[in-house]
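Below is one structure, written out as structure tokens; comments come after it.
The values are calculated or read from the model by the stated rules, or taken from the named source; none is laboratory data. Treat the numbers as computed from the prediction; the structure is a model and nothing was measured. Because the Cβ atoms are built from the backbone with ideal geometry, glycine has one as well, and the counts that use them run over all protein chains shown.
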Amino acid sequence: MKKRNLLSLENYSPDEIQQILTLAADLKKQKGLRLDILSGRSVGLLFQKPSNRTRVSFEVGIWQLGGNCIYLGPEEIDLGKRESAQDVAKTLSRYLDAIVARTHTHEDIIALGNNASVPIINGLSNLYHPCQALADIFSIKEKFGTFQDISIAYIGDGNNVCHSLILAGLKMGLTINVATPQGYEPSPQIVSKAEKIAQDNGAHFVLTHSAQNAIKAAKVIYTDVWTSMGQEKEAQQRLQDFADYQLNRSLTDLADPQHIFMHCLPAHRGQEVTDEVIDGPNSIVFDQAENRMHVQKAVLHFLMKP
């Protein structure tokens, strides 16, 4: 079988995404059981950024699939400084059966993918977060049982999480409404791809600066931090620019009464979301966090099957 990467969801068909979601549902039913799907195989976690959910969900998931996990932090391998991404990819391919990479730049993910002889999985880059998006749409399907007539209102920064959610949601036929402050829109190249995907899949994509318009009657409300890692110097300006985009009760009351609230975590409570929303009855953020593990197990199974 030819090697396949998961660098983004751009080159994954709706059918392939559905295959991963179906695998995830099957694996979730076997939660906690040790399987032999990755028996005798080793997966490396190559991380330039710290992580809670991504690292732990992958480490536990690999163990549950019967595999061996090796964590490589920035102190071991500093891509582009201590050693090039190309050389790291070629070397680690001689030891490992797959590599999960969490990098500062998407260019490093591409370099790893182009030079490794084993599957490369994007655990987060500055442009995409595909594992998160797969867990997101899995969680939506789990809660509603369908993707039909589901609208997502993403409120906040047009960042990597937003990019992958847009691609995943539109490929599965969802309506995606994105509301950001002026100057914080998703990347133009992502918007262009999104419009084409929406057309191909009979989905709807709307980009606006009005949180109220985006959230009206939405069945899914989603947000992320206003200041991501590496943007700390912009924090004060972002607090001002995003002030009208906080997910609070007055805003969420505009959504469908049976909506679900989602956040990829970690959350900055009191900034992008209030306690009453993230801890409220419509919140599924911890179900969503758990589903990262099940979906990532499915991704490993999908990419590493004989």
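Within segment 179-196, the residues that satisfy the criterion of being assigned to a helix (DSSP H, G or I) and crowded, with 21+ Cβ neighbours inside 10 Å are Ile190, Ala194. Would you be able to tell me the number of residues in segment 178-236 that are of a type in the set (S, T, N, Q) and either in contact with a Lys or Arg (Cβ under 6 Å, 6 or more places away or on another chain) or in contact (Cβ under 8 Å) with a residue 12 or more places away in the chain (or both)? Total meeting the criteria: 11. Residue selection: Pro306 fails the criterion of being free of Cβ contacts under 8 Å to residues at least 12 places away in the same chain and either surrounded by 16 or more Cβ atoms within 10 Å (Cβ to Cβ) or part of a loop (DSSP other than H, G, I, E, B) (or both). In this structure, does His129 turn out to be surrounded by fewer than 19 Cβ atoms within 10 Å (Cβ to Cβ), in contact (Cβ under 8 Å) with a residue 60 or more places away in the chain and closer than 30 Å to Leu170 by Cβ? The answer is no for His129. Taken over segment 217-237, the criterion of being charged (D, E, K, R) and either assigned by TED's automatic domain parsing to the domain that holds Ser57 or surrounded by fewer than 22 Cβ atoms within 10 Å (Cβ to Cβ) (or both) is satisfied by Lys219, Glu232, Lys233, Glu234. Within the set Lys28, Lys49, the sole residue that is in contact (Cβ under 8 Å) with a residue 24 or more places away in the chain and either within 17 Å of the chain's Cα centre (by Cα) or within 15 Å of Met304 (Cα to Cα) (or both) turns out to be Lys49. Scanning segment 260-273 for residues that are out of contact with any Asp or Glu (no Cβ under 6 Å at 6 or more places or on another chain) and buried (at least 20 other Cβ atoms within 10 Å of the Cβ) turns up Ile260, Phe261, Met262, His263, Gln271, Glu272, Val273.
Rundown of residues vs (1) at pLDDT 95 or above; (2) more than 21 Å from Ile176 (Cα to Cα), yes/no style:
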{"position": "Gln212", "(1), (2)": "yes, no"}
{"position": "Ala218", "(1), (2)": "yes, no"}
{"position": "Trp226", "(1), (2)": "yes, no"}
{"position": "Gly230", "(1), (2)": "no, yes"}
{"position": "Pro257", "(1), (2)": "yes, no"}
{"position": "His268", "(1), (2)": "yes, yes"}
{"position": "Val277", "(1), (2)": "yes, no"}
{"position": "Gln296", "(1), (2)": "yes, yes"}
{"position": "Val299", "(1), (2)": "yes, yes"}
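Within segment 211-229, being within 15 Å of Gln258 (Cβ to Cβ) and not in a loop (DSSP other than H, G, I, E, B) holds for Ile215, Val220, Ile221.
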